[in-house]
Each structure stands twice: as C-alpha cells, then as structure tokens.
2 protein chains.
Amino acid sequence: MKDSSNTNRRSFIKKAGTSLAAASTLGVAACSPEAKKDVNINFNKTYHWKMTTTWPPNFPVVGEGCKMLAEWVKQMSGGRMEITVYGGGELIPALEGFDAVSNGAVEMNHGAAYYWAGKLAAAPFFTTVPFGMNAQQMGSWIISGGGQQLWEELYAPFDLQPFICGNTGMQMGGWFNKKINTIEDLKGLKMRMPGLGGKVLAQAGGTPMLVSGGEIYTNLERGVIDATEWIGPYHDYKMGFHQVAKYYYSPGWHEPGPVLEMIVNKSKFQELPADLQEIIKTACYRLNRWMMAEFDAKNGEYLHKILQVPEVEVLPFPDEVLMGLKQATDSVLADLTAQDTMSARVYEAYGKFRKQIKSWMDIGEKLFYEQVG
Amino acid sequence: MKDSSNTNRRSFIKKAGTSLAAASTLGVAACSPEAKKDVNINFNKTYHWKMTTTWPPNFPVVGEGCKMLAEWVKQMSGGRMEITVYGGGELIPALEGFDAVSNGAVEMNHGAAYYWAGKLAAAPFFTTVPFGMNAQQMGSWIISGGGQQLWEELYAPFDLQPFICGNTGMQMGGWFNKKINTIEDLKGLKMRMPGLGGKVLAQAGGTPMLVSGGEIYTNLERGVIDATEWIGPYHDYKMGFHQVAKYYYSPGWHEPGPVLEMIVNKSKFQELPADLQEIIKTACYRLNRWMMAEFDAKNGEYLHKILQVPEVEVLPFPDEVLMGLKQATDSVLADLTAQDTMSARVYEAYGKFRKQIKSWMDIGEKLFYEQVG
C-alpha cells in the first residue's frame with residue numbers, strides 16, 4: 001500500500017488531483033443529500049418511532065442488532081429519538097411490515113425485500129437470488145453500483161425509503177435425511193424452502209414446503225418434511241437440527257448472501273430534521289457492518305460444534321446437483337423477467353454489475369481463497 | 001432463510017429466548033458503552049476538530065471517504081461538530097499522525113496501524129499480514145472476535161482510541177517488468193514494497209525499496225526499480241503503471257485486505273458529550289462499509305480497462321512462488337513474535353480466530369467462489 005510520507009509526491013497529486021477533487025465532491029453529495037440544507041433543529045422535540053421486524057423477538061444477531069440500532073440512534077440523537085423495536089407478531093403480523101410502514105401505521109420495519117415478492121416481483125433482487133452475488137458483492141452493487149437507486153425507484157410508489165441494513169452472509173444448503181448424490185435425489189423431496197429457492201427446487205422436481213420456524217424441528221423429526229434450509233451454523237445449531245437430520249450440505253446456493261433491509265416511511269423520514277435523517281442512515285450502515293462481522297464469527301464458532309457431533313456429516317453438494325439447480329434457476333429467472341418489466345430491468349443492471357465485479361473477484365477474493373485462505 | 005409469519009413458533013422462541021436475551025443485552029452494552037450515561041448536552045457548543053490523514057489530499061476512495069465522514073458527522077450533530085480534514089503533509093508530515101493525535105496536537109488521524117510498526121511491533125496485525133486474513137475476516141475478528149479489545153490495549157498507553165474505518169479489500173500483487181515463474185526470479189529483484197511484505201521479499205532474496213507514491217512511475221520507467229506494488233486496479237490504473245510495466249500479478253499476498261483505522265485522542269474523545277462519541281463511532285463503521293463497497297465496484301471497473309491494454313498481461317503468481325513467499329512469511333512472523341511479547345499475544349489470538357473462521361469460510365465463501373461465483 002501507499003503512504004505519502006515523502007514530500008516529493010507532486011506528480012501523483014497533480015495526476016490524481018483534477019479528476020478526484022470532482023469525484024470527492026460527488027461522493028459527498030451522493031451520500032449526504034442534505035449536506036447543503038439549512039439546519040434548523042428544535043433540540044427539545046423528541047421523536048417516538050416504532051420499528052416492527054420480520055424476526056422472532058430477540059432473534060440472534062438480527063433481532064439483537066435491531067435493538068442495538070435503536071440504542072445507537074438514541075445515543076446519537078442525545079435522546080431526541082426513541083425507537084421501540086417489536087418482534088414479528090408483537091405489534092403486527094411479521095409479514096405485514098411493508099404495508100404498515102407504507103401506510104404510516106409504523107415508521108420503520110426491519111426485514112428482507114424478498115418477503116414482498118408477492119407485491120413486487122422484482123423485490124428478491126435486492127435480497128438475494130439463487131446462484132447470485134454474495135454479501136460482499138451485493139453490498140458493492142447496492143452501495144456503489146447503482147442498486148440503491150433502482151431499489152428506491154421500486155419502493156417509491158409505496159412511500160418507502162429502503163436502506164441496506166444487514167446481511168446473513170453465506171447460508172448453508174440445509175439439513176437432509178438422506179444423501180444427495182444426483183439431481184434425481186431431489187425428485188419428490190419435501191423440503192422447507194421459501195422464495196425463489198423454493199421455485200427452483202420445484203423446477204428440479206422437489207416439493208418446496210412452507211413451514212414456519214417453530215414447526216421445522218418437529219416436522220423434520222416426524223418425517224413430515226425430508227429436509228430444511230434455515231440460515232447458517234449458528235442459528236441452525238440453536239434450532240437443534242443436528243439432532244434430527246444427518247446430512248448438512250453446503251453451499252447455500254439458494255441464498256448466497258441475503259441483504260437485510262430497513263424500510264422507513266418516506267414522508268415521515270423527510271419530515272425529520274436533517275440530523276436525525278443522517279443518524280438513521282448511518283446507523284443502518286453500522287448495523288450492516290456489524291451483522292456481517294457477527295454472523296461470520298458466530299458461524300465459525302458453531303460450525304465447530306456441529307463438526308463435533310458424531311452423527312452429522314457436513315458435505316458439499318456434488319457439482320452435478322449444483323449444475324442441475326443452476327439450470328433450474330436460469331429457467332425460473334427467465335420466467336420472472338419475461339413476466340415483469342421491472343424485474344427485467346433490475347436483473348439486467350444486476351447482471352451487468354455482477355459481470356464486472358466477477359472479473360475482479362476471480363483474480364482477487366477467489367484467488368485468495370484458492371491460494372492463500 | 002426464516003421468517004416468523006406463523007404464530008406457532010413458541011418452541012424456537014423458548015429455546016432461543018433464555019440465552020439470547022442475555023446476548024442481546026451484552027451486544028448493546030459492548031457496542032454502546034455510554035448507553036446508560038446521563039446525557040446532559042449543551043446543544044449550543046460547537047466542536048472544531050482536526051483530522052490528519054496519511055493519504056495524499058483527495059486520494060481516491062480513502063481521502064474522499066474521510067471528507068464524507070466529516071460531512072456525515074457535521075450532519076448528524078446538527079452542525080455541532082466540524083471536522084477539518086487534512087491530506088498528508090498539509091498540516092503535519094503524513095506519518096506523524098500517531099504522535100500528533102497522541103499528544104493532542106490534532107484530535108484524529110486516518111491511516112493504517114502498520115504505519116506505526118516502528119513504535120509498536122504488534123501494530124501490523126491490526127492492518128494486515130502477508131498470507132493473513134482478508135477484509136471480511138479481519139472485520140469479523142476486530143468487530144466480533146476480540147480484535148478491538150487487543151487493539152485498544154495496544155494503543156492505550158498512547159492515549160489513543162482506535163476504530164476500524166475502512167478497508168482496501170484484496171490488493172494486487174504488483175507490476176513487474178519480467179515474468180515471475182519461480183521463487184528464484186525474485187532474487188535480486190528491486191521492488192517497491194514497504195512493511196512486512198518488504199521483509200518477506202528480502203527473506204526470499206529480493207530487495208525491497210522504499211519509494212514514495214510520486215516517484216514510483218518514474219523509477220519503474222527508468223529501471224531504478226524492477227517492480228512495484230500499490231493498491232488495486234483502480235488506483236494502479238490512475239498511477240499509469242500499465243504504461244511502464246508489462247506484467248500485473250495477483251493476488252496481493254502481502255496485503256490481503258488491509259484494515260484502515262481512525263485513531264482519536266482518547267482523553268478528548270471521552271470529554272465529548274455521549275452523543276458526539278456515538279456519532280463518531282457510527283460514522284467510522286459507515287465509512288468502513290462504504291469503502292469496501294466502493295473499492296470493489298471501482299476495482300471491477302478499472303480491471304476491465306487494464307485488461308483492454310494490449311501490452312499488459314494479468315497473471316496469477318505460480319503456486320511455487322506463493323509457497324516460497326509463504327515460507328518466508330512464516331520465518332518473518334516467527335522472528336517478530338519471538339522478539340515482542342505483545343506481538344506474540346496478538347498473533348496467537350489472531351491465529352486462533354483465523355482457524356475458527358477459516359473452517360467456516362472453507363465451506364462458505366470459498367465453496368461459493370469455487371462452485372457458484
């Protein structure tokens with residue numbers, strides 16, 4: 001890396017200076033649209049906001065992080081902004097956050113865009129798509145690659161402002177009661193798998209089942225389902241799946257780095273004083289950063305525990321199985337983009353960015369994992 | 001992934017609830033040590049702080065990001081905190097930030113811990129070590145794996161509070177005027193390479209040279225040096241190295257994801273009202289997140305430009321070369337940890353965390369890059 005310890009660095013500065021002074025200004029403007037606005041803040045007014053979430057109360061990392069965010073906002077605002085966090089079902093049903101924030105019943109909701117796929121077919125592209133980008137790549141697309149603008153456009157008709165606000169990192173492929181050697185082994189397999197992943201599984205001949213968190217363990221134990229995906233080693237271990245399924249597969253082809261979102265009622269957000277707007281935005285970025293760190297640390301710790309369970313085998317999916325699932329994914333995405341104009345636009349932008357970052361990752365992170373990591 | 005749409009999720013909540021309510025409290029406490037403090041803020045007082053940096057003024061992404069951070073802090077504080085950002089050499093020489101913040105001449109400095117290796121042998125572990133952890137792993141270690149606590153302990157005698165505040169991501173291995181086929185090809189090679197990487201190069205028979213940013217291009221053109229590392233495709237392209245060197249190697253074995261730091265004078269930080277402390281901390285996390293996204297996006301874009309230069313070959317280092325450099329690294333690190341107790345302690349903690357996260361990455365991110373990405 002570089003430093004600028006030597007005073008004779010004029011040629012570089014000269015070279016860099018012209019275009020980069022402009023870039024710097026643009027950077028600031030893009031990230032702080034309110035920067036030039038007159039600030040006229042009433043420091044005596046306290047805002048009481050409600051944050052609903054799609055997670056069970058105190059859900060590890062994710063729900064926990066939401067409470068941390070509320071605390072950061074309170075601190076940063078000198079107590080002028082109090083956010084009360086509700087677990088899914090505590091104030092409204094877990095998956096009604098989109099409507100509740102849209103109509104102003106609550107001010108914000110933490111969840112994931114793909115939960116709104118029924119309303120907005122293009123929403124999953126802002127969380128994760130099977131065989132799509134991982135957490136690092138998704139973050140780069142949304143923050144620095146134009147993803148944020150498309151996301152805002154998608155949500156604008158609903159008076160919603162989205163922020164990137166977390167990522168589970170790579171997920172695991174799930175727990176199975178038999179070995180998966182070929183794509184044929186998925187035929188007829190009853191697997192708990194929601195979203196696009198479930199559609200892909202169906203395309204490959206499996207039977208995706210919708211089973212809520214609290215019922216998976218029992219359903220797996222009793223053979224009501226043959227397999228389930230959940231999140232990663234930390235959450236999976238806490239669910240006890242290692243007690244009722246023998247084979248734990250990787251990678252989580254269906255969710256290779258899901259982005260979590262904070263949606264805020266846009267009108268209410270814009271009515272906030274500029275300082276509180278920036279505080280919320282910055283807290284979302286911080287939670288995004290913290291969550292990734294925490295997931296990786298905890299997943300490492302709990303994978304170790306799972307590897308010590310003698311009854312469990314941790315296995316990679318065979319290439320043939322992944323190739324079959326990838327073909328099924330292409331087919332599902334082709335249908336989706338053929339049926340919905342916005343999905344087609346978003347997927348095109350997503351694909352263009354992905355191609356560009358992939359060539360960098362191929363000689364960067366990928367090479368690191370192959371040769372160094 | 002999961003949702004909690006179904007109301008019958010009690011068994012999971014029951015299971016998760018006990019330990020996690022505790023974890024949640026710990027999480028908040030760890031990240032917001034000031035959370036319980038009485039807030040008694042004088043909203044009329046404005047703080048004017050100085051931030052020096054080790055980067056040339058307006059340095060892309062990094063210097064640019066420092067100015068964005070100052071703007072975020074200004075916004076979040078409602079104009080109560082004004083930070084003036086200085087490029088390296090503008091107020092003090094670039095590499096005197098550590099002393100200047102320590103003695104209170106300036107309040108904060110943005111740079112990288114390994115610049116202070118001369119004072120603190122253990123400092124490089126908080127930036128990057130050759131063949132060490134990448135950006136994602138370093139972030140997890142510092143934020144969630146105990147790295148932050150060791151870093152604070154290392155800096156405490158100097159009245160410095162460190163924050164993780166950026167990462168360049170994977171670097172490139174550098175520009176060479178000849179092909180590197182075997183470890184023998186490094187013998188006698190004059191290469192611009194500072195820090196531990198330079199020591200490793202020397203161990204492998206090369207000649208590390210210290211050349212400041214502004215002189216590298218000319219030195220490479222005139223054959224004063226045979227090779228140079230810098231950062232990655234974006235910054236390297238802007239330096240014009242593709243005009244004066246033919247071979248561009250990957251990966252950046254010497255710097256696989258350097259953490260950038262913000263150091264703040266601890267006494268002055270603690271004198272700030274609690275809201276401004278939390279604002280600075282949160283802004284550092286946001287910059288950390290933004291910088292990684294921006295580096296990846298820009299590196300993707302500029303690698304594409306470099307690949308279109310017909311005279312340049314982009315090549316991976318042969319395995320044999322990397323193995324030789326890895327051996328040299330082991331030797332350099334063994335010397336370092338034998339000579340310095342704190343280095344030994346930090347490297348042990350680093351190694352322990354790395355082992356744990358590596359087993360997770362092996363079946364997570366690594367498998368993603370091999371089979372999906």
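The values are calculated or read from the model by the stated rules, or taken from the named source; none is laboratory data. All values reported here derive from a predicted model rather than from experimental measurement. In this analysis, Cβ positions are derived from the backbone assuming ideal geometry, glycine residues included, and neighbour counts consider all displayed protein chains. Quick note on the areas: whole protein, heavy atoms, side chains included, nothing else; ligands and nucleic acids left out. Shrake-Rupley method; radii C 1.70, N 1.55, O 1.52, S 1.80 Å.
For the segment B:267-279, counting C-beta atoms of other chains within 10 Å of every residue's C-beta and taking the mean gives 3. Between B:Glu90 and A:Met342, the C-beta separation translates, for a Förster distance of 51 Å, into a calculated FRET efficiency of about 0.60. In this structure, the amide hydrogen of B:Cys165, modeled 1.01 Å from its nitrogen in the peptide plane, lies closer than 5 angstrom to those of B:Leu260, B:Glu261, B:Met262, counting only residues at least 5 positions away or on a different chain.
Amide H contacts of B:Leu160: B:Lys266, each under 5 Å away and 5 or more positions distant or on a separate chain (H built 1.01 Å from N in the peptide plane; Pro and chain starts excluded). Entry note, segment A:79-147: relative contact order of 15 percent, from Cα contacts under 8 Å with a spacing of 6+ residues. Placing a label point 7 Å from the Cα of A:Pro157 along the Cα-to-Cβ direction, the distances to the matching points in the other copies come to 6.4 nm, shortest first. Each other residue within a Cβ distance under 14 Å of B:Met291 adds +1 if Lys or Arg and -1 if Asp or Glu, for a net charge of +2. The gain in end-to-end length when the A:Lys305 to A:Lys187 segment is fully stretched comes to 39.4 nm, 0.36 nm per residue minus the alpha carbon separation.
Once C-alpha pairs closer than 8 Å and six or more residues apart are averaged by separation and normalised to the residue number of chain A, the relative contact order reads 21 percent. Phi-derived couplings, Karplus 6.51 cos²θ - 1.76 cosθ + 1.60 at θ = phi - 60°, listed residue by residue for segment A:249-255: 9, 9, x, x, 4, 7, 8 Hz, with x used for Gly and Pro. At R0 = 56 Å, how high is the FRET efficiency between A:Ile41 and B:Asp99 if r is their beta carbon distance? Nearest 0.05 is fine. Step by step, r from the Cβ atoms, then E = 0.90. Per-residue shielding of B:246-259, expressed as the average number of other chain Cβ atoms within 10 Å of the residue Cβ, stands at 3. Label-point spacing at A:Pro316 relative to the other copies reads 1.3 nm, in ascending order, each point sitting 7 Å out from Cα along Cα→Cβ. Each other residue within a Cβ distance under 11 Å of B:Gly205 adds +1 if Lys or Arg and -1 if Asp or Glu, for a net charge of -1. To the nearest 10 Å², what's B:Arg345's accessible area with a 1.4 Å probe? Looks like 110 Å² after rounding. Within the shell defined by Cβ-Cβ distances under 12 Å, the residues around A:Val244 carry a net charge of -2, with Lys and Arg each +1 and Asp and Glu each -1. Here the 3J(HN,Hα) profile of segment B:180-194, calculated from phi with Karplus coefficients 6.51, -1.76 and 1.60 at θ = phi - 60°, is 10, 9, 9, 5, 4, 5, 8, 4, x, 5, 8, 10, 5, 7, x Hz, Gly and Pro shown as x. Let me make sure I get this right: for segment A:38-187, a, b and c are the square roots of the gyration tensor eigenvalues over alpha carbons, sorted descending. Under 1.5 in a/c it's rounded, otherwise prolate if a/b > b/c, else oblate. Which is it? It is prolate, given that a/c is not under 1.5 and a/b is the larger ratio. Summarising the strand pairing of chain B, around 45 percent of its internal DSSP beta bridges are antiparallel. Karplus-derived 3J(HN,Hα) values for segment A:119-134, using 6.51 cos²θ - 1.76 cosθ + 1.60 with θ = phi - 60°, are 8, 10, 4, 7, 4, x, 4, 8, 10, 6, 10, x, 6, x, 6, 8 Hz; glycine and proline are entered as x.
Dimensions of segment B:110-261 from C-alpha coordinates, computed as largest minus smallest value along each principal axis and given longest first, are 45, 29, 28 Å. Please report the base-10 log of the normalised intensity I(q)/I(0) for segment B:266-373, using a Debye sum with one equal scatterer per alpha carbon and no solvent, at each q in 0.17 (1/Å). With one equal scatterer per Cα and no solvent, log10 I(q)/I(0) is -1.23.
For a straight C-alpha distance cut-off of 23 angstrom, the lysines reachable from B:Lys178 (same-chain residues fewer than eight places away being disregarded) are A:Lys2, B:Lys187, B:Lys190, B:Lys199, B:Lys238, B:Lys246, B:Lys305, B:Lys326. Among beta bridges from DSSP that stay inside the protein assembly as shown, the antiparallel ones total about 45%.
Accessible surface for A:Asp340 stands near 40 Å², nearest 10, in the context of the full protein assembly shown (1.4 Å probe).
Peptide B:137-144 shows a mean partner chain C-beta count of 6 within 10 Å per residue C-beta. Any idea what diffusion coefficient the protein assembly as shown gets from Stokes-Einstein, in µm²/s, Kirkwood Rh on alpha carbon pairs, 25 °C, 0.890 mPa s? Here the translational diffusion coefficient equals 93 µm²/s.
Over chain A, the Kirkwood radius and the radius of gyration, each from Cα atoms, give a ratio Rg/Rh of 1.00. The calculated FRET efficiency for B:Leu210 paired with A:Gln270, based on their beta-carbon distance and R0 = 60 Å, is about 0.70.
Here the protein assembly as shown exposes an accessible surface that is 49 percent carbon and sulfur, computed with a 1.4 Å probe and the other protein chains kept in place. Across the copies of the chain, B:Gly223 has label points (7 Å from Cα along Cα→Cβ) spaced 7.9 nm apart, shortest distance listed first. Near A:Val85, the amide H atoms lying under 5 Å from its own belong to A:Met51; only residues 5 or more places off or on other chains count, and H is placed 1.01 Å from N.
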